[in-house]
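Laboratory data are not the source of any read-out in this text; all were calculated from the coordinates shown. Computed from a predicted model, the values in this text were never measured in an experiment. As a convention, Cβ positions derive from the backbone with ideal geometry for all residues, glycine included, and neighbour counts pool all protein chains shown.
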Amino acid sequence: MLVIRHRWYLVGRRRAVGGTQEDQPPAEDGEQAEQSEEQESPQHPPDPNQAAVRQPPVRRPVGSVTPVASIYDLGEGWTLHATGRVVEQDFWTGGDFGGSVGFFAPVGTPADAFEAAKQAQLAELDADSDASIESRFEIRRDGVVVELLDEVQTARGGVTAVHLPALVLRDGVLLRRTVTQDRTGPLGGYVGTDTTTLKPWLVSADGTVSELPFQLAVAPLCTLPDGRWLLPGTSPIWRDSYQEPLSALDPTGEAEIIEVAGERLSPLGLVEALVPQWLTESDREPHTDTFPFFVARAAMEDAARLRLQLWDQEPDVAETAVRWITATVGLEGALAPRLIARGRAAPAELGTLDF
């Protein structure tokens, strides 16, 4: 008999596209996630009297734990030295999420065999919750070492993860982070996990570390001329749709939608203005889930013009060539959107495109 464990995840908003099987929350609030079954065809018929539980490929919802320090280049001379969980998701759409564990077995499975297999795996998960995990994160530049966290944590108590990419500022680095904690039931024992977005760390060039007063799950794209940060949507916590207009986030957590010449600056508006032939009628419908383009890269070209690159698929999940657009747009309304280049590229080539 083959018993397969499933997890159902609920979120406050949408998830990152391209996550592992275990971080697949539903598309809408309060809905139950689709059960993703991963079964192997046995070489021999299973013995109905022998219960077996196959381990899923990933134990925790997100991140990977490194036994020794790994070094991540953040840009502008900054490096992150990490022993612990680091989540590299360029297009994470945010949202706290969690889930419960469930089991199923083929019809006709003896109840005692199924229960024994289930309890054995629950006991294993519960014991694993108390395993020590070293979490040490440092930021370095020009010989200066800034300690962010140095703790021995457990999944039951909560394990911190640093999320990349970081945003390198004029005088520091902005780092997002989450904590994932195993949840126990009313009678004790492992029943699931919860992942919560924490307030981000702001590391100044002089080594000062401060905590901003709001949750930041969505990665800012760049710093704007007024010092605010460009978001790919309207909220620092989640993004519901690629159609969302871009916004400017200030250090207090307030996000203001960006308007150019009285119109909201959005991927849909840019594609409509520059390559309308790439849109279908359904793409133009409000809040459609089929609209594919999103802002993958952004930088200030000068004090008045913003350079953007849009892709129509995320490289981790793309199955065909990705359409891309590089364009500039004036932030003051005097400079109309201008197409710099467009084309198609294999997913592996997207990182090498000129920008």
Selection from the stretch 184-193 of residues that are buried (at least 17 other Cβ atoms within 10 Å of the Cβ) and either more than 15 Å from Phe97 (Cα to Cα) or among the charged types (D, E, K, R) (or both): Tyr190
Complete set of residues in the stretch 243-268 that are buried (at least 17 other Cβ atoms within 10 Å of the Cβ) and over 30 Å from Pro213 (Cβ atoms): Leu268
Filtered residue count, the stretch 131-173, keeping only those that are more than 21 Å from the chain's Cα centre (by Cα), surrounded by 14 or more Cβ atoms within 10 Å (Cβ to Cβ) and polar (S, T, N, Q): 2
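Counting only residues that are closer than 17 Å to Leu167 by Cα and touching a residue at least 24 places away in the same chain (Cβ under 8 Å), give me the strands (runs of 3 or more DSSP E) lying completely in the stretch 195-277 with at least 3 of them. Don't jump to the end; show me each part of the working.
Values: elements: 201-204, 209-211, 229-231, 247-249, 255-257.
Ranges flagged: 201-204, 229-231.
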Breaking point among (1) surrounded by 22 or more Cβ atoms within 10 Å (Cβ to Cβ); (2) of a type outside the set (Phe, Trp, Tyr); (3) under 17 Å from the mean Cα position of the chain (by Cα), for Val203: (3)
